[in-house]
Structure formats: structure tokens, C-alpha cells
1. What percent does the relative contact order of the chain come to when contacts are Cα pairs within less than 8 Å and at least six residues apart?
2. In terms of the Cα gyration tensor, with a ≥ b ≥ c the square roots of its eigenvalues, is region 59-153 rounded because a/c is under 1.5, prolate because a/b exceeds b/c, or oblate?
3. Could you calculate the contour length gain from K21 to L158, that is, 0.36 nm times the residue separation minus the distance between their Cα atoms, to one decimal place in nm?
4. Using modelled backbone amide H atoms (1.01 Å from N, in-plane), which distant-in-sequence or interchain residues come within less than 5 Å of G20's amide H?
5. Cross-link list K88/K119; K48/K174; K42/K166: which exceed 23 angstrom alpha carbon to alpha carbon?
6. Computed from these coordinates, which is semi-axes √(5λ) of the Cα gyration tensor in Å: [x] 52, 16, 15; [y] 31, 18, 17; [z] 25, 19, 17?
7. Cut-off is 10 Å between beta-carbons; in what order do Y116, Y178 appear when sorted fewest neighbours first?
8. Sorted by mean Cβ packing within 10 Å, highest first, what order do the peptides 144-151, 57-64 take?
Amino acid sequence: MMEQMDEERVGLTVIFTGDGKGKTSAALGVVARCVGHGGRCKMIQFIKGSLKSGEANLSKTLAPNLEIVQVGRGFTWLADVPREEHIKAARDGMEMARAALVSGEYDLVVLDEILYALKAGLVEVEQIEELIAAKPARTHLILTGRGAPQRLIDKADLVTSMTMVKHHSSARIKAQKYMDF
């Protein structure tokens with residue numbers, strides 16, 4: 001039965017967006033399913049720089065079925081990294097994304113925080129549309145970040161918007177290991 005389902009696989013384009021928490025976590029849930037079935041996944045993180053995150057450690061545990069690459073140079077709103085470096089990192093990430101998609105090596109490619117990179121002007125919506133168009137028919141593609149533009153929503157097969165109802169930061173509780181990174 002599972003082989004028959006795999007033969008019928010259609011690679012979906014999925015967007016996890018919205019102002020609520022959980023976009024990367026939702027993408028990692030799909031990654032867990034894919035790896036659980038023996039699939040190969042690549043996650044490219046467009047904003048996170050050298051942040052020591054649980055997901056980066058997870059890729060070491062689940063290698064070679066999961067590869068996570070942090071191409072970002074950190075938060076774009078901090079002045080510690082010149083804008084040119086952010087732009088170059090995003091360009092490198094887009095090249096890596098295209099190579100991963102067209103290689104046929106991965107069942108799932110996640111472009112984590114790509115929508116933040118778009119909002120920050122580091123990538124253009126046309127570049128993301130080109131990646132969607134280049135996606136092989138059986139490869140799944142997930143885009144995450146706030147503010148998905150209607151143009152990308154229209155091209156996606158599934159869009160989920162996380163809505164913030166309450167967040168611990170409003171109670172001045174800092175980001176928590178295991179929960180936030």
C-alpha cells in the first residue's frame with residue numbers, strides 16, 4: 001500500500017506564514033514525517049546565522065537524511081552585519097535552493113525564513129516563483145516566514161497562517177531553549 005501511495009506522490013508547494021509562532025516548527029514536523037519514511041530533506045535557513053539551534057543539532061542526529069544549512073548572517077534589523085553581506089548570503093541560499101531542488105536528491109526542500117528575506121529585500125518574489133516553477137513534480141517545497149505575498153499564496157498548494165493569540169515575550173520571558181531555538 002505504501003509503495004502505491006509513493007507512486008501517486010505529487011510534490012506540494014507549502015507556505016507556513018503568519019505572525020504567530022510555529023512556522024519553522026511546522027516545517028520540521030513535515031521533515032520528521034519525511035525522514036520517518038526514509039526520505040531525504042534539505043532545509044536552508046535564510047536568516048538564522050550561526051545561532052546554535054536545536055534544529056541544527058537535529059540535522060547531525062538525522063544525517064544523511066536531513067541536512068540543515070544556515071546561510072543567513074543573522075537578524076537583518078541588527079546593525080552588526082553590513083547589508084551587502086546579508087544580500088550575498090541570500091543569493092548564495094537561492095543558488096543552493098535551486099541546486100537542491102533540481103538535483104532530484106531530496107524528497108523535501110525547506111526554505112526556512114525565505115519570506116523574511118523577501119520582506120527585507122534580500123530576494124525578489126520573482127526568484128521564489130522561479131524556484132517553485134523549477135521544482136520537480138515529486139519534490140515537496142516548504143516556504144516559511146511572515147507576510148507571504150498573494151502571488152506566492154496563489155502558486156502554493158497548501159497555505160497555513162499561524163495566528164498569535166498570546167506570546168511569552170509579552171510577559172518579558174526571553175526565548176527558551178527547547179521551545180524557541
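1. 35
2. Verdict is oblate for region 59-153.
3. 47.5 nm
4. The answer is M162, T163, M164.
5. K42/K166
6. Working out semi-axes √(5λ) of the Cα gyration tensor in Å from the coordinates points to [z].
7. By the 10 Å Cβ count, ascending, the order reads Y178, Y116.
8. Ranked from most to least packed, the peptides come out as 144-151, 57-64.
Every number in this text was worked out from the coordinates using simple rules, so none of it is lab data. Predicted model, so just to flag it, every value in this text is computed and none were measured. Cβ atoms come from the backbone with ideal geometry, glycine included; neighbour counts cover every protein chain shown.
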